[in-house]
1. Suppose we keep only residues that are away from the ligand (no atom under 14 Å from the Cβ) and assigned to a loop (DSSP other than H, G, I, E, B) within the stretch 216-250. Which one would you say is modelled with the lowest pLDDT?
2. Report every pair of residues separated by at least 6 positions or lying on different chains whose Cβ atoms are under 9 Å apart, first residue within the stretch 81-97 and free of Cβ contacts under 8 Å to residues at least 40 places away in the same chain and closer than 17 Å to ARG113 by Cβ, second surrounded by 24 or more Cβ atoms within 10 Å (Cβ to Cβ) and polar (S, T, N, Q).
3. Filter the stretch 204-214 for residues that are in contact with a Phe, Trp or Tyr (Cβ under 9 Å, 6 or more places away or on another chain) and within 15 Å of the ligand (Cβ to nearest atom) and give the result.
4. Considering the stretch 111-139 alone, what residues qualify as being closer than 26 Å to SER61 by Cβ and surrounded by fewer than 16 Cβ atoms within 10 Å (Cβ to Cβ)?
5. State the number of residues belonging to the stretch 123-135 that are in contact with a helix residue (DSSP H, G or I) (Cβ under 7 Å, 6 or more places away or on another chain) and not in a loop (DSSP other than H, G, I, E, B).
6. Scanning the stretch 197-250 for residues that are surrounded by fewer than 22 Cβ atoms within 10 Å (Cβ to Cβ) and hydroxyl-bearing (Ser, Thr, Tyr), which turns out nearest to the chain's Cα centre (by Cα)?
7. Can you find a residue in the stretch 150-157 that is acidic (Asp, Glu) and crowded, with 18+ Cβ neighbours inside 10 Å?
8. Can you find a residue that is closer than 28 Å to ILE205 by Cβ, hydrophobic (A, V, I, L, M, F, W, C), more than 16 Å from the ligand (Cβ to nearest atom) and free of Cβ contacts under 8 Å to residues at least 40 places away in the same chain anywhere in the stretch 4-23?
Amino acid sequence: MRQKIVAGNWKMNKTLQETEELINALQSDYTTTNTEVIIAPAYVNLYRSQELLNSSKINVSAQNMHFETTGAFTGEISAEMLQSIGIDTVILGHSERRDVFLETDEIIAKKVRKALDQQMRVIFCFGEQLEERKSNTHFEVVSSQLKSVLSDLSETDWNNVVLAYEPVWAIGTGETASPEQAQEMHKHIRNEISVMSSEAVASQISILYGGSVKPANAVGLFSKEDIDGGLIGGASLKADDFLAIVDAAE
Ligand code: PEP
């Protein structure tokens, strides 16, 4: 059985006080299910979030990290720093890191390598732009993103990878891939992973969908065979909506 996961990417939202409020709201209404629940608050709030959720089933992830261990990298955070406060999961390759902060596949590959070498778990994001879908190159684009970053992984590395397919045209736009479009791509991704690693890895890896997931569309998406949960942006900022999406993954 593949692990179902619903992860909330809070991006650059919520002050410390608002972070505490949202975590408290989540904790008071959350009932443990088989779905793993992860939240990714802003860096400055990670320590406090981890402290509040220490004995909870809700896990905390970072939204990004640098590939170096220490040094003159103003504004950056290392894997070791995250681990020193008990964070062992990191989102890498998010389209906003690619498009706004100009992270290339090469940079993302270095970050993924560093995180896996530290035995951290990576939620690796990728997905095509609107023009790429329109020109029918989306399968090619996604295959290339997977190969550029994940081609040299060992069996142990794969155990620490979660994939998040996020078509860029669906992120924060209110436009969602239909369950059929998402399933078609997730099947393609699973097939690519079986070629890059093994059938066993491909059948057990969790592949999340991200892009304007809401309580109203989550059931349709999560009921598809190769969709193992979601990476949620906007709707993860409200406890009720996020928990409704968690329920939809059951
Ligand atoms: C995201 O940023 O990963 C995301 C999926 O955002 P939204 O749910 O707001 O589209």
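The values are calculated or read from the model by the stated rules, or taken from the named source; none is laboratory data. These numbers were taken from a predicted model, which means no experiment stands behind them. Note: ideal-geometry Cβ built from the backbone for every residue, glycine included; neighbour counts use all protein chains shown.
1. Among those residues, the one meeting the criterion is GLU250.
2. ASP88/SER61; VAL90/SER61
3. First pass over the stretch 204-214, keeping only residues in contact with a Phe, Trp or Tyr (Cβ under 9 Å, 6 or more places away or on another chain): 204-205, 207-211, 213.
Selection gives ILE207, LEU208, TYR209, GLY210, GLY211, VAL213.
4. Here is the first cut: in the stretch 111-139, the ones closer than 26 Å to SER61 by Cβ are 111-129.
Scanning the stretch 111-139 gives ASP117, GLN119.
5. Number of matching residues: 6.
6. SER206
7. Here is the first cut: in the stretch 150-157, the residues acidic (Asp, Glu) are 152, 155, 157.
The next check asks that each one be crowded, with 18+ Cβ neighbours inside 10 Å; those that pass are 157.
For the stretch 150-157, residues acidic (Asp, Glu) and crowded, with 18+ Cβ neighbours inside 10 Å: present.
8. Kept after step one, since they are closer than 28 Å to ILE205 by Cβ, are these residues of the stretch 4-23: 4-11.
Cutting the leftovers down to hydrophobic (A, V, I, L, M, F, W, C) gives us 5-7, 10.
This time we only want the ones that are more than 16 Å from the ligand (Cβ to nearest atom), so: none.
For the stretch 4-23, residues closer than 28 Å to ILE205 by Cβ, hydrophobic (A, V, I, L, M, F, W, C), more than 16 Å from the ligand (Cβ to nearest atom) and free of Cβ contacts under 8 Å to residues at least 40 places away in the same chain: absent.
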